[in-house]
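Below is the structure I would like to discuss, written out as structure tokens.
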Amino acid sequence: MPTTCVFQLDRLNPVYNSGEYISGRILLRTDKVKRVNAVYVTLEGEAKVQWSMSGKSETANYSGHQQYLHSRTNVFDNSLFRAGVHVYVLTLRIPPDCPTTCKGPYGYIAYNISLTIDKPWGFDEVFRKPIHVVQTLDLNYNTEFALAVKDENIKYLCHWPCISGPIASTLTLPASGFTPLQEVPFRVEVDNQSPHYDIIGLEVSIKQHFVFLSRKPVKRNFYTKTLCKELITDRTLRLSKRLYEGSICIPMDTPRSTLNPNYIVFLHYTLQLKLKTGYFHYDTELSVPIVIGTTPLQHMRGSVHTQQPSRRTPTPERQRLIERVSPRPPTVTEETAQETAAEPHQTIPDDEPPTYDSCLPPSFSFATLGSQQTLDSQASSVLQRIHMPKFPGFTTFIGTAPAHGLEDSGLDMHHYRSYGSLDTDHTGRSLDTFGSLCGPLSEQIEVEEIAPTEVHDVSAQVHQAQEEHQF
């Protein structure tokens, strides 16, 4: 029977805020006596970036590493490690300035608890349990997050000698600080002075921007992802003005913004607006920065949802367009003819006529640049992405559950699993402590395995990495 290790934490989902305690226990089962140098438990947090770019004659590799947290505690120092079940009770504290766990195509920030059996010969046995850390950010502590933000743009669709009137647009947000599951209200003012073109709609989206900084050599890489998107199909006619007011909800699993620019994985967000002009014209884009925190602004607490809202109902104009495009219901005569025609052969869905949307002409960017899938497949051959570790499931609502029984699970089974609460509270011991109890856990196990009981108390100090952050 191989050596197994089970991590039982105090939360069903291992999601912790910065500054909180990690409580639980580690159950290590061995079937024979082992000769070891030491057995120790570590709590680590780090960021890694890596990518490569291939040219005609050479390939450039970029990488970077940053340590945020490192704690090591020896739980066994003798040479002979006895067979049986060994239990290590842990209480750890996460420093308050640890950045939020996140991952991108070229880097990540990750935290994990690991137990290592250091062997004098052969490879060490390492068992890991990843955890998700959320850096706390109270938006009420900074008054800048409560100030309104605005972006303006003036665009001419044509140039001399066929110049048209300007299209002036303004995007305004009442504040720049928001939290997950909160509605972001926006206000758009459009003044269309073009005598030939209408604004056929708006597209509002929340963008997630990654900035990856490599240290060897120093270089930045960028990646942008769309988290959510809302479409408004109400038109702004030529030589007219229109005011749009709406809101868009931030997804629940959105990581918090990074405020320290010295981190090698930097994360920030923007709310982007596109004015759909059509007729092979480039869309007008407006963008304002937003900050994702953990505690909402005091005067905007009413806009926070308790769960992810469902998709919104279409506007009246969009509903009329859907009804116009959708096929009309067949009459009685048509139904009879269709039934008669369907008897000798089976109807194939692929033989149906194309829909209205599939007959629309392609956009200018699609016609000139091709599909995004083709571009991504070509870019993957140039930029090699970093191998990502597995991350635990993330949810904003941290739940607890009763403790599970002792389980036998190998490295592949327990590696990335969550376990229930042990109902353990603070015992008044030192800030970060490990208590170890070696011996059988119950009478049933005692019958199967007889091992002596030993009690060890060791203290663990969490050391935050002190390193200079330089670009």
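In vacuum, with every alpha carbon of the range 194-267 counted as one equal point scatterer, what does the Debye formula give for log10 I(q)/I(0) at q = 0.18 Å⁻¹? Two decimals, please.
-0.82
For the range 191-201, what does the Karplus curve 6.51 cos²θ - 1.76 cosθ + 1.60, with θ = phi - 60°, yield as ³J(HN,Hα) per residue in whole Hz, taken in order and with x for Gly and Pro?
Along the range 191-201, the couplings run 10, 9, 9, 7, x, 10, 10, 9, 8, 7, x Hz.
Give a quick list of GluC sites (Glu not before Pro) in the range 32-122 that DSSP marks as loop, anything other than H, G, I, E or B, with at most 15 other Cβ atoms within 10 Å.
On the way: sites: E44, E46, E58; in loops: E58.
For GluC sites (Glu not before Pro) across the range 32-122 that sit outside H, G, I, E and B with at most 15 neighbouring Cβ atoms in 10 Å, the list reads E58.
Once the Cβ-Cβ distance between N262 and K216 is put in as r, and R0 is 22 Å, what FRET efficiency do you end up with, to the nearest 0.05? Write out the running numbers ahead of the final one.
On the way: r = 17 Å, r/R0 = 0.75.
My answer for the efficiency is 0.85.
Among 102-110, 195-203, 290-298, 116-124, what's the highest-first ranking by average C-beta atoms within 10 angstrom per residue?
Details: 102-110: 22.3, 195-203: 17.3, 290-298: 19.0, 116-124: 11.4.
Order by mean packing, descending: 102-110, 290-298, 195-203, 116-124.
Starting from the Cα of K219, draw a straight line to each of the lysines and keep only those under 30 Å, dropping any in the same chain fewer than 8 residues away.
K48, K56, K103, K207, K390
Can you run phi through the Karplus equation (6.51, -1.76, 1.60; θ = phi - 60°) for the range 93-98 and list ³J(HN,Hα) in whole Hz, with x for Gly and Pro?
Ordered by residue, 3J(HN,Hα) equals 10, 8, x, x, 9, 6 Hz.
Between Q308 and S57, what is the spin-label point distance in nm, taking each point 7 Å from the Cα along the Cα→C-beta axis?
5.0 nm
Here is a follow-up. Can you list residues whose amide H is under 5 Å from K219's amide H, if they're 5+ apart or on another chain and H is modeled 1.01 Å from N?
Residues meeting the criterion, in which the H sits 1.01 Å from N, are S214.
Between R187 and residues 5 or more places away or on another chain, which pairs have amide H atoms under 5 Å apart, with H built 1.01 Å from N, and which residues are they?
Under 5 Å from the amide H of R187 lie the amide H atoms of T172, each far enough along the sequence or on another chain.
Using the Karplus equation 6.51 cos²θ - 1.76 cosθ + 1.60 (θ = phi - 60°), what ³J(HN,Hα) coupling, rounded to whole Hz, does each residue of the range 40-55 give in order, writing x for Gly and Pro?
9, 10, 10, 10, 10, x, 8, 10, 9, 10, 6, 7, 9, 10, 9, x
Provide the packing ranking of 83-91, 255-263, 219-227, i.e. peptides ordered by the mean count of other C-beta atoms within 10 Å per residue, highest first.
83-91, 255-263, 219-227
A further question follows. Given Cα pairs under 8 Å that are at least 6 residues apart, what percent is the relative contact order of the range 139-294? The partial results should precede the final answer.
Numbers: 382 pairs, mean separation 43.2, N = 156.
With pairs under 8 Å counted, the relative contact order is 28 percent.
How large is the convex hull of the C-alpha atoms of the range 139-294 per residue, in Å³? Before the final figure, lay out each step's value.
Numbers: hull volume 20.6 nm³, N = 156.
Looking at the range 139-294, the number lands at 132 Å³ per residue.
For S240 and T224 in the same chain, what is the full-extension length gain: residue separation times 0.36 nm, less their Cα-Cα distance, in nm? Don't skip to the answer; put the middle values down first.
Numbers: separation 16, 0.36 × 16 = 5.76 nm, distance 3.42 nm.
So the chain would gain 2.3 nm between S240 and T224.
So between T143 and V33, what do we pick up on full extension, going 0.36 nm a residue minus the alpha carbon distance?
This chain segment gains 33.5 nm when fully extended.
OK, next. With Rg and the Kirkwood Rh both taken from Cα atoms, where does Rg over Rh land for the range 82-214?
Numbers: Rg = 26.5 Å, Rh = 21.3 Å.
For the range 82-214, the value is 1.24.
Which far-off residues, 5 or more places away or on another chain, put their amide H under 5 Å from the one on H132, with H placed in the peptide plane?
V15, Y16
Computed from the coordinates by the stated procedures, all read-outs in this text should not be read as laboratory data. Just so it is clear, the structure is predicted and the values come from calculations on it, not from any experiment. Cβ coordinates were reconstructed from backbone atoms using ideal geometry, including for glycine residues, and neighbour counts include every protein chain displayed.
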